[in-house]
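A quick write-up on the structure given underneath.
Each reported figure results from applying straightforward, stated rules to the coordinates on display, with no laboratory input. Here the structure is a predicted model, which means the values were calculated and not measured. Cβ placement follows ideal geometry from the backbone for every residue including glycine, while neighbour counts extend to all protein chains displayed.
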Amino acid sequence: MQRYKIKIEYDGTPFVGWQFQKNGPSIQEVLQNAIFNFSKEKVVVTGAGRTDSGVHALAQVAHFDLKKKIKKKTGCPASIQAFR
């Protein structure tokens with residue numbers, strides 16, 4: 001199992017916050033879906049902290065585990081960008 005640390009920056013305006021919620025899209029949900037899109041593995045992204053609805057982040061740290069190694073970060077929506 002490979003553990004990946006990610007440092008993320010996002011505009012939180014359209015999100016209900018970090019943690020998955022039923023009342024709208026969350027950062028955690030969007031990241032997990034993006035990771036699934038390129039890895040085909042369901043993951044849980046664990047954040048080092050949480051944000052409230054509409055809050056932005058410049059260097060939030062999180063991690064996730066995959067069974068395989070990945071070479072390229074891709075699949076994020078425009079409001080969340082991944083950089084190498």
Subject >> Under-20-angstrom lysine pairs by C-alpha in segment 2-66, whenever the two are 8 or more apart or on separate chains >> reply: 4
Subject >> Compactness of segment 1-43 as Cα Rg over 2.2 N^0.38 Å, two decimals >> reply: 1.23
Subject >> Selected from Ile35, Gly24, Ala59, residue furthest toward positive end of dipole (segment 2-66; charges at beta carbon) >> reply: Ile35
Subject >> Sparsely packed trypsin sites (Lys or Arg not before Pro) within segment 4-55, loop by DSSP, other Cβ within 10 Å at most 11 >> reply: Lys22, Lys40, Lys42
Original post:
So between Ser53 and Ser39, what do we pick up on full extension, going 0.36 nm a residue minus the alpha carbon distance?
Top reply: 2.2 nm
